[in-house]
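**Student:** Quick one: the structure is below, and I'll ask about it shortly.
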Amino acid sequence: MNDRPSVTAVVVTWDSGPDVEHCLAALRAQDHRPFEVVVVDNGSSDGSVEVARRHAAPGGDVAVRVLEQGRNTGFCAAVNVGIGASAADAVLLVNPDAVLAGDHVRLLVDALVADPGLGSVQGTLRRDHAPDAVVDSAGHVALRPRLFRNRGQGLPAASLPPPGPDGVVDVFGVTGAAALHRRAMLDDVADARGRWLDEALFAYFDDVDLDWRARMRGWRAGHVPAAHGVHRRGGAARRRSPLVEELNAANRLLVLAKLDDRRSLLAVLPALLATTAAKLAWLVLAAPGAALRVPARVRAGLPVARRERARVRSRACRSSAAVSAGFAPLGGARFVTGWWERVRPGRWGRGAR
């Protein structure tokens, strides 16, 4: 009898192109059972649905279901549909441009089973399949000026510190590109309407928002170096666009309005203002229309952020100030090079996921 925790992988597609084939093939090759895949399509017109349907055809012991939204409802809303369609013990959120090694899910499940305090775990994602490929993400790092980065991004995997005896490294949170979440944690941090990701964000910064809410409820997050995968960021790079940058700029401020401690913010206010001004100044030069829309997007989202702020704080096991006290220093040179990697010319494309 199989008493292993059940896992549902949720993949959101939106004109995801050839990435879908590689992502789903890798998921069907996972050696963890019981395991299923739910594909939520946000109105693709490039054949992504047809690829997913081929994988959903009978055959094999990994069930694949395809749920068609008919339009782009936003990444967060689509993920919520996928989680709502699952009764599994854990949910693996996977971007369609991520390809996971066959033991990836099993290793992440082992970490959750071994430590009930872990709410979320992720493996080491690299940029490509080459043995010397640099890291894409080994978890989230939260910086004091309220900047959030992928841990180890752009660095050799060998430069990451080794894990402890349990094979897990404590991190602030996990990337939305490929991470396993305990269902009990997701249900514990759900909003007043029972939604797991904040649909007011539409897309981007939803993973940081989830990281922070989980920390305030006492859950921890971990990086499992033994679990490997590739996040090409080909899909993400193609979708770096004015809308993506607009969402990133606005959603960062909305997450702070929703979750941060005001006294803690005042303590880092000069750095917060400087980094925000720098990001908006660059956006004015690169996409002035998007920059002009950021204030309106923030104003529209503030009422929801304020309502949820009161609710999150009333249920918190750890204060927001206690969470942010663990944020790391900025590290100027590394911040500049990481920022340029994201916004350098040639990384602009079509809209949001």
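Quick note: the coordinates plus some simple rules give every number you see, no bench work behind them. Quick caveat, the model's predicted, so the values are computed rather than measured. Heads up, the Cβs are rebuilt from the backbone with ideal geometry, glycines too, and the neighbour counts pull from every protein chain shown.
**Student:** Which helices of the chain meet both criteria: a Cα extent of 20 Å or more along the helical axis and a mean Kyte-Doolittle score no lower than 1.6, with helices taken as whole DSSP H segments?
**Tutor:** Details: long enough: 242-259 (26 Å, 0.70); 269-286 (25 Å, 1.67); 288-315 (40 Å, -0.54).
Qualifying helices: 269-286.
**Student:** Considering the dipole of the chain built from charges on the beta carbon (Lys and Arg +1, Asp and Glu -1) around the Cα centre, which of V81, L272, G117 is farthest to its positive end?
**Tutor:** Among V81, L272, G117, the one farthest towards the positive end of the dipole of the chain is L272.
**Student:** A follow-up question, please. Relative contact order, percent, of the chain when contacts are C-alpha pairs under 8 Å separated by at least 6 residues?
**Tutor:** Working: 700 pairs, mean separation 65.2, N = 353.
About 18 percent, as a whole number.
**Student:** Give me the dipole magnitude in Debye, nearest 20, for the range 242-343 about the Cα centre, with unit charges on the beta carbon: positive for Lys and Arg, negative for Asp and Glu. Each step should come with its number before you reach the end.
**Tutor:** Numbers: 17 positive and 6 negative charges, 114 e Å.
For this selection, approximately 540 debye.
**Student:** Counting helices only, and only those DSSP H runs with n ≥ 4, report the 222 nm mean residue ellipticity of the chain as the sum of -39,500 (n - 2.57) divided by its residues, in deg cm²/dmol to the nearest 500.
**Tutor:** Values: 13 runs with 150 residues, N = 353.
Counting only the DSSP helices, I get -13000 deg cm²/dmol.
**Student:** At q = 0.24 Å⁻¹, work out log10 I(q)/I(0) for the range 242-343 with the Debye formula, treating every Cα as an identical point scatterer and leaving solvent out; two decimals please.
**Tutor:** Cα-only, vacuum Debye calculation for the range 242-343: -1.33.
**Student:** Here's something else I'd like to know. Could you tell me the center-to-center distance, by alpha carbons, between the range 73-111 and the range 236-287 in angstrom?
**Tutor:** Centre-to-centre (Cα) distance: 27 Å.
**Student:** Could I ask something else about it? With no solvent and one equal point scatterer per Cα, compute the Debye intensity ratio I(q)/I(0) for the chain at 0.07, 0.09, 0.14 Å⁻¹ and report its log10, rounded to two decimals.
**Tutor:** Taking Cα atoms of the chain as identical point scatterers yields -0.27, -0.45, -1.21.
**Student:** Charges at C-beta only: +1 for Lys and Arg, -1 for Asp and Glu. How large is the resulting dipole of the chain about its Cα centre, in Debye rounded to 20?
**Tutor:** Here the size comes out at about 1500 debye.
**Student:** Mind listing which trypsin sites (Lys or Arg not before Pro) in the range 211-313 are in a DSSP loop and have 16 or fewer other Cβ atoms within 10 Å? Mind dumping the intermediate values first?
**Tutor:** On the way: sites: R213, R215, R217, R220, R232, R233, R238, R239, R240, R252, K258, R262, R263, K279, R293, R297, R299, R306, R307, R309, R311, R313; in loops: R217, R232, R233, R239, R240.
Passing both the DSSP loop test and the Cβ count: R217.
**Student:** Rounded to a whole number, what is D in µm²/s for the range 27-168 from Stokes-Einstein with the Kirkwood radius over alpha-carbon pairs (25 °C, 0.890 mPa s)?
**Tutor:** Working: Rh = 17.3 Å.
In µm²/s, the coefficient is 142.
**Student:** Which whole number of Å³ per residue matches the convex hull of the alpha-carbon atoms in the range 1-88? Please list the in-between numbers first.
**Tutor:** Numbers: hull volume 7.5 nm³, N = 88.
Expressed per residue, the convex hull around the Cα atoms of the range 1-88 is 85 Å³.
**Student:** Residue by residue, what Karplus-based ³J(HN,Hα) values in Hz, rounded to whole numbers, does the range 124-132 have, using 6.51, -1.76 and 1.60 with θ = phi - 60° and x for Gly and Pro?
**Tutor:** Rounded to whole hertz, the list is 8, 9, 10, 6, 8, 7, 4, x, 9.
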